[in-house]
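The values are calculated or read from the model by the stated rules, or taken from the named source; none is laboratory data. What you see is a predicted model; the values in this text were computed from it and never measured. All Cβ positions, even for glycine, are placed from backbone atoms using ideal geometry, and neighbour counts span all protein chains on display. Remember, those area values only see protein heavy atoms, side chains included, never the ligands or the DNA or RNA. Shrake-Rupley method; radii C 1.70, N 1.55, O 1.52, S 1.80 Å.
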Amino acid sequence: MNFFITATDTDVGKTFVTTSLLLALQRLKIKSIALKPVQTGCEKIHDKMLAPDVAIYCSAVAENNIQPCYSFQLPASPHYAAQKENQVIDIKNILSYIKQYSCDYEIGLIEGAGGIFVPLNQQETMLDLMRQCNLPIILVCPNRLGILNNILMNIEILKANSLTCAGLILNFDKKDDEICKCNREYLQEHIDIPIVAIPNFSATNAIEIASDYLQDFVQDYLLSYIDNSLPENNIDTKLDTQFDREHLWHPYTHALNPLPTYPVISANRHLIHIEGKDLIDGMSSWWCALHGYNNSEINRAAIKQLSQLSHVMFAGLTHKPAIDLGKKLLELLPDFNRIFYSDSGSVSVEVALKLALQYQQSSGKDKILTVLGGYHGDTQGAMSVCDPNDGMHAIFNGVLAKHIFAPRPLCRFDQEFNPDSVAEIESIFENHKEKIAAVIIEPIVQGAGGMWFYHPQYLQILRKLCDKYGALLIFDEIATGFGRTGKMFAYQYANVVPDIICIGKGLSAGYMTFAATLCQEHIAQKISHNNGVFMHGPTFMANPLACAISLKSIELLEKSNWQENVMRISNTMKKHLSKCKSLPETLDVRVLGAIGVVELSEYIDIATIQEFFVSRNVWIRPFGKLIYLMPPFIIPNDDLIYLCQVIFEAIQHKKYKGASC
Ligand code: PMP
């Protein structure tokens, strides 16, 4: 387990604090190390190029005298000091340096250089390094006049980048000084981060005294992080892939001749680690992992919940995570009033359909109207409203409930609305008005049924038709919810409200299988009049662990700059993915929010393209004729541009064609 130590400024005693923390850890017999990967103002000391303060302090602590990853003579900003020696700092080298030197230790203290916006090279700052390390941060700052603004800004920036601040060390503190006291008290009241104040020492044993001050912080806070983390060298990297091939069914796959699977060891931020390499993730694990992987705040929320209550039946019992998440969901979706928690997107669709059919029971309406190109899940009811022709469930058509299908909404999102595009659904509605209980549709984006983006006005007309004919409107926001399209929920593009909404996937940020169906109050009132009950109740309904994780994920989303991030991803894909339009094999390129799609004129051979993508260190999983990106919102721009380039290359060099072609 590593921590990243940064400061509000240069020369505020960061190296001194790091060394004192290291001593405090070693006194507790924790095998620990401090590393300062980038050092400027270096001199030759004991055959190594080191910054003098690092050398002095670290020699005071056992086993800590490692050559930095980058050392420069000029005492200046790293980008400039490097430039003076004709070098360029590369974050990837720093990451492997940290991994190499800290892997044998229980705790590594990784010290930055200067503050968070100190440039490392012309494009990247310390913050980029911190984001890629994704470690809990310890912020060091001097306790003096004017520091509050600086500290609060730093904390806000860390939060906005989804980084956890594990502790605040106030250096050069004067216990009875009025300003120091007022700073301490204000911070204690206003920030929810452990704070330690260390006085200014001139004694020769200053490090020992400072480590006394830090002892409780180390014991109560830092060590709780290692209790909760699994050292990487404990992870079993050798998987029995033969067992996997012979006994485990993977999604939509041949049992006897399955497509290849790549064994994953771990995942961190937007990187999936397979043996020997990291793959840049373009899929967010089927659109769930909004914040990427191994997010320290979600991890901690999960662990906290796990140690309290991981599961309990929801019949006759309730709990705080379900209630707190419920309140948060109603805050996000204020038009709804009742929540039914379930365990997967498909089940939430079953619940929505059952709610609608039960609501309409006395009216005799028992058909669902939907559109072609739709996808709503793999369970029986959900399959019955998926595209029956081109969809993946066509072989079950004979046994599925017969519902009513209108054409795919053809009016593109990015073009002017054509009223002709609703003519057919209008006449279908008119012809079946006595039978249509509800309409179900994925708002704005049809996902697994073709990655198609249609015009918001289509939804407005659907709402009017439902009202006119007394049908309910169900929006399946399982793939689109939680910011993916650029709005928190895609239906907000249309300014209409459905009667029932299904949410899942991003709800639990890729951590747990979880979903929910929300409805307006009039649905609950009608179903429950005359003592009617709603007959559904999954074993894992409102699982507390999933609720706690979802709540933390929504909080993280709200406090991050997700709109800006989605906009950045959108603009980058518009610029770089659109280059695929110049290739003759490309039929269409479309981008909406953090979804980018390249539609080819031919079917893609998945095994071939997958192998190519993995050889180029990216994880992209196309289907049909579509290669698409739905990256985690935290993906850095360079990596996103690289994903777009690799897609271009795959098409240009025909890496989507199978061996027989
Ligand atoms: N509806 C939509 C729109 C989906 O995209 C999906 C999953 N791809 C589902 C329902 C089914 O969700 P799950 O796989 O969690 O059952």
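In debye, nearest 20, what is the charge dipole magnitude of segment 431-485 about its Cα centre with +1 on Lys and Arg Cβ and -1 on Asp and Glu Cβ, if you could check?
180
Between residue 439 and residues 5 or more places away or on another chain, which pairs have amide H atoms under 5 Å apart, with H built 1.01 Å from N, and which residues are they?
369, 472, 473, 474
For the chain, with only Lys/Arg (+1) and Asp/Glu (-1) charged at the beta-carbon, what is the dipole magnitude about the Cα centre, in debye rounded to 20?
840
Tally up the carbon and sulfur contribution to the accessible surface of the chain as a whole percent, 1.4 Å probe, everything protein left in place.
Carbon and sulfur atoms account for 52 percent of the accessible area of the chain.
Rounded to the nearest 10 degrees, what's the angle between the helix 91-102 long axis and the longest principal axis of the chain, both from Cα atoms, 0 to 90?
70
How much solvent-accessible surface does residue 346 expose, in Å² to the nearest 10, with a 1.4 Å probe and all protein chains in place?
20
FRET efficiency for residue 219 and residue 264, Cβ-Cβ distance as r, R0 = 22 Å, nearest 0.05?
After rounding, the FRET efficiency stands at 0.05.
Sorted from largest down, what three extents in whole angstroms do the Cα atoms of segment 257-302 have along their principal axes?
40, 23, 18
Students often forget the sequence filter, so: which lysines lie under 16 Å Cα-Cα from residue 238 once same-chain residues fewer than 8 apart are removed?
Cross-link targets: 277.
For segment 187-333, report the accessible area per residue in Å² (1.4 Å probe, heavy atoms, rounded to an integer).
Computed with neighbouring chains in place, this is 58 Å² per residue.
Along segment 120-132, what does the Karplus equation 6.51 cos²θ - 1.76 cosθ + 1.60 (θ = phi - 60°) give for ³J(HN,Hα), rounded to whole Hz, x for Gly and Pro?
Along segment 120-132, the couplings run 9, 8, 5, 10, 10, 10, 3, 4, 4, 5, 4, 5, 6 Hz.
Nearest 20 debye, what's the magnitude of the dipole of segment 323-446 about its Cα centre given +1 on Lys and Arg Cβ and -1 on Asp and Glu Cβ?
Charge dipole, segment 323-446, about its Cα centre: 440 debye, nearest 20.
Would you mind working out the accessible area per residue for segment 33-150, using a 1.4 Å probe, and quoting it in Å²?
Accessible surface, normalised per residue, equals 45 Å².
Using 17 Å as the cut-off for backbone N distance, which residues of segment 256-276 belong to the label zone defined by a point 7 Å from the Cα of residue 247 along Cα→Cβ?
Backbone N within reach: 256.
Against the longest principal axis of the chain, how steep is helix 544-559, in degrees 0 to 90 to the nearest 10, with axes from Cα atoms?
Tilt relative to the chain: about 70 degrees.
If amide H atoms are built 1.01 Å from N in the plane of the peptide, which residues on other chains or at least 5 residues away come under 5 Å of the amide H of residue 319?
Those lying under 5 Å, H to H, from residue 319: there are none.
Taking square-rooted eigenvalues a ≥ b ≥ c of the alpha carbon gyration tensor, is the chain rounded, prolate or oblate, where a/c under 1.5 means rounded and, failing that, a/b exceeding b/c means prolate?
It comes out prolate by the Cα gyration axes.
How would you order 184-191, 649-656 from highest to lowest mean count of nearby Cβ atoms within 10 Å?
Put in order of decreasing packing, that is 649-656, 184-191.
Sorted by packing (mean other beta-carbon atoms within 10 Å per residue), highest first, where do 496-506, 604-614, 554-564 land?
Top of the packing list down: 496-506, 604-614, 554-564.
Given labels modelled 7 Å from the Cα in the Cβ direction, how far is it in nm from residue 145 to residue 588?
Going by the 7 Å Cα→Cβ label model, 6.5 nm.
Compute from the Cα atoms of segment 410-563 the Rg and the Dmax, the latter being the longest Cα-Cα distance, and quote both in angstrom.
17.3, 49
Does segment 459-515 come out rounded, prolate or oblate, given a ≥ b ≥ c as the square roots of the eigenvalues of its C-alpha gyration tensor, rounded meaning a/c under 1.5 and, failing that, prolate meaning a/b above b/c?
Here segment 459-515 falls in the oblate category.
Just the Cα atoms of segment 24-114, one point each, no solvent: what log10 I(q)/I(0) does Debye give at q = 0.16, 0.22 Å⁻¹?
Treating every Cα as an identical point scatterer, log10 I(q)/I(0) equals -0.64, -1.12.
Rounded to the nearest 0.05, what FRET efficiency do residue 427 and residue 320 have when you use their Cβ-Cβ distance and R0 = 35 Å?
Efficiency computed from Cβ-Cβ geometry: 0.10.
Measure up 31/175; 365/526; 14/181; 92/505; 320/559; 14/92 against 26 Å on the Cα-Cα distance and list the ones that go over.
Result: 31/175; 92/505 exceed 26 Å.
Is the C-alpha gyration tensor of segment 342-457 telling us rounded, prolate or oblate? Criteria: a/c under 1.5 is rounded; beyond that, a/b larger than b/c is prolate, otherwise oblate.
oblate
Measuring with a 1.4 Å probe in the full set of protein chains, what accessible area per residue, in whole Å², belongs to segment 392-472?
Normalised by residue count, the accessible surface of segment 392-472 is 46 Å².
In segment 372-471, with Lys and Arg counted as +1 and Asp and Glu as -1 at Cβ, which of these residues, 437, 388, 458, has the Cα nearest the positive end of the dipole, that is, farthest along it?
437
Please calculate the 1.4 Å probe accessible area of residue 324, with all protein chains present, and give it to the nearest 10 Å².
Here the residue's solvent-accessible area equals roughly 40 Å².
Given H placed on each backbone N at 1.01 Å, which residues far from residue 588 in sequence or on other chains put an amide H within less than 5 Å of it?
It is 599, by chain and number.
For residue 397 and residue 186, compute 0.36 nm times the residue count separating them, minus their Cα-Cα distance, and round to one decimal in nm.
Extra length from residue 397 to residue 186 when fully extended: 69.4 nm.
Enumerate the calculated ³J(HN,Hα) couplings along segment 634-646 in order (Karplus 6.51 cos²θ - 1.76 cosθ + 1.60, θ = phi - 60°), each rounded to whole Hz, writing x wherever the residue is Gly or Pro.
Coupling constants for segment 634-646: 8, 4, x, 4, 4, 5, 5, 4, 4, 4, 5, 5, 5 Hz.
Rounded to two decimals, what is Rg over Rh for segment 607-661 when you use alpha-carbon atoms and the Kirkwood radius?
Checking Rg against Rh, the ratio lands at 0.97.
Please find the FRET efficiency linking residue 415 to residue 567, where r is the Cβ-Cβ separation and R0 is fixed at 30 Å, and quote it to the nearest 0.05.
It comes to 0.90.
Could you give each residue of segment 514-531 its phi-based ³J(HN,Hα) in whole Hz, using Karplus coefficients 6.51, -1.76, 1.60 with θ = phi - 60°, and x for Gly or Pro?
For segment 514-531, the Karplus-derived couplings read 6, 7, 8, 10, 10, 9, 6, 4, 5, 5, 4, 4, 5, 4, 9, 6, 6, 6 Hz, x marking Gly and Pro.
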